[in-house]
Every structure is written in structure tokens, then in C-alpha cells.
1. Could you work out what % of the accessible surface of the chain is carbon and sulfur, using a 1.4 angstrom probe and leaving DNA, RNA and ligands out of the count?
2. Given the Cα-Cα distance of Arg107 and Met277 and 0.36 nm per residue of separation, how much length would full extension add, in nm?
3. What does the net charge come to around Lys6 if you take all other residues with beta carbon closer than 12 Å to its beta carbon, with K and R at +1 and D and E at -1?
4. Would you calculate the separation in nanometres between label points at Tyr147 and Met184, each defined as 7 Å from the Cα along the Cα-to-beta-carbon direction?
5. Take each uninterrupted DSSP H stretch in the chain, measure its Cα extent along the helix axis, and return the ones at 27 Å or beyond whose mean Kyte-Doolittle hydropathy is at least -1.0.
6. Using the heavy atoms of the protein chains alone and a 1.4 angstrom probe, what is the accessible area of the chain per residue in square angstrom?
7. What net charge do the residues around Ala130 carry, taking every other residue with its C-beta under 14 Å from that of Ala130, with Lys and Arg at +1 and Asp and Glu at -1?
8. Full extension from Phe157 to Thr4: what is 0.36 nm times the residue separation minus their Cα-Cα distance, to one decimal in nm?
Amino acid sequence: MTKTLKTAVIGVGSMGKNHARVYSELAESNLVGISDANLDTAQSIAKIFGTNAYSDYHELLEKEKPQAVSVAVPTALHEQVVTDVLHSGAHVLVEKPIAATIEEGQRLIKLAKELNRKLMVGHIVRFNPAIQELKKRLSAGDLGRIYQVFCRRAGPFPARIRDVGVVIDLAPHDADIVRFLTEMDPIRLYAETEQRIHTDHEDLLLGMLRFPDGVTAALEINWLTPTKIREVLVLGERGLFRVDDLTQDLYFYENAQASGLTWDSLKNLRGVSEGSMSRFAIQRFEPLKAELQGFLKAVLEDTPVPVSGEDGLAALRIALALVEAGTNHQVINF
């Protein structure tokens, strides 16, 4: 028999309601309640998924005593809500970014360790099956040495966003992906930002990051593109991997001059020419379901969560540095 955990969701807006849906579907989850400041919203979502609704999350925590909780409230509220949930005895998955500031994120990580609770950050892009397959192939050395990572995340302005600009909303995704794929932290970065439509914050970013071992990364992120684009490119000795996040497709464009070369021979690589293109067969799977399964498994088996608080803090640090670089037109060193 599958072990189950009492689960709950605090904040059932555009992302939180999907957490509720997935928790209601998973065999290892018993969704005992959801909470939202708007009681009408909470009640309508609770009715769909057959659970209890609360407008006060403290009441939810006290009455239902959930063991694993997703927190999907506005970023400015992350520290207070996550702190209360940890003190209630539950383990937490908090949607990215981990908190509004580095100091808040550090306090949450420290508190989770003191209370012996799991703290996971919701960087959902990691769980895209195409990204998982890419990571597997990079780890196996299929690309040889990595030269560059390029992430493009563009689309229309989301009406749900009010408290942050495009960098804090979306850049943590790509900062996390670059760290995940390269297994490195940047040593410096620079960015250009623009504010074209959003009245309070930036809505366009072009960022450049430098990593150890000569690896570079570029981020193109905006809310100004009238079609949704989610793309990751990884260039290396043997060719180019390309991920389409939206279709969960992974492609490889071979460098014909590196084809068949051994590791020893690669260091003498002298050229690049077009080779064959491969599209890998990938079993499609909902990334959020994989993410929540990973969270619940870590709680049930008392193992490390797939995306730690430290991972979330590193992504936030990069995103905040990109905002600073774009505002002050200065290179930021780490």
C-alpha cells in the first residue's frame, strides 16, 4: 500500500490551484485543505477537488494539521507564511523565488534546518522531461566540454503579476537551469533591462553570465513577445543540444568534425562543420507532477529534496544581481 501524506496548498491563484489539482491526483497525497485570502476563490477550488477551504491559513494549519504544504502566495509574503508553516510541523515547498530578499531566504533555510523540516523551492523547469534528459546526456559526456548555455523565455505580459518585474518573476527559472546543467555558480554577470509596458518594473532583460572553466551563459527574458517561447540551447565540443520547453522536445545538432573523436582527441579539435540532427524520443510528463512527487518522496523517505533552499537562494541571488546590473549598468562580481 502506498504511504500517504496529508497535503495542503496556501494560495490558490494561477499556480497554487494547479498544486491543488496535482495533490488531489497523487496516490501518495491526501489533500486535506486549501487556503486563500479570497474565500470565494478558496471555496470554488476546494469544491472542484473535494477538500476543505479556508481564508485564514493559520486555521487550516491548526485544524487539518497537514504534513506537506505548498506555499504559492505573493513573493513578499513568502517569509512569513513559510515560517508559520514550518513552525506548525509541516514540510514546505515554496514557489520560486524562495523569498523577496537574500536575508529572508537565509532565515528560512536556517529555520528549516533548526526544526528538521524539508524546505524545497518550486523551480518547475528542472522537472521538464526534456531538461532531465539533457542533464543525463551532459553528465554522460555526450557533448564534451560545455562552451555556452542560452536561455530564451519570452511571451505576453501576464495580468497576474503585480509585485515584481520580469527578472524576479522569470529569471530564477533560467538561473536555476544554468546552474543545474553546468553544476557551477557564476563568477560575474552583466545585464541590460528595459521598461516598455509595465508601469513599475522592468519587462525586458538581456543578461550575460560568466562561469568558471570558460563557460558563458546568455538569458533573453521579456514580457513583450506576442507568442510564448521557452528554449534552452547548450553548445559544446560535440555540437549543440536544443530543448523546446513547451513541446518537451530535445534535439542534437552534431559537429561533424567531432564525430567519433575520443576524449583525448577532442582537445585537438580544430573545426566545426554541420553534421546530422537527432530528435530524441522522450516520454512526456507533467513537470509539476514530477516536482510534487519528488517533494513528497523526500518527505516520506527522509531524503534530500530535489531543489534545496540553497538552490533557490542561489537562483534568487543571480536574479537580484541581474536587476542591479541592469539598473546601475555595472558588472556584478560574485
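1. Reported share for carbon and sulfur atoms: 50 percent.
2. Taking 0.36 nm per residue and subtracting the Cα distance, the gain is 56.5 nm.
3. It works out to a net charge of +1.
4. 1.5
5. 309-328
6. 46
7. +2
8. Result for the pair: 51.2 nm of gain on full extension.
The values are calculated or read from the model by the stated rules, or taken from the named source; none is laboratory data. Keep in mind that what you see is a predicted model, and the values were worked out from it rather than measured. With ideal geometry, Cβ positions are generated from the backbone for all residues, glycine too; neighbour counts draw on all protein chains shown. Remember, those area values only see protein heavy atoms, side chains included, never the ligands or the DNA or RNA. Shrake-Rupley method; radii C 1.70, N 1.55, O 1.52, S 1.80 Å.
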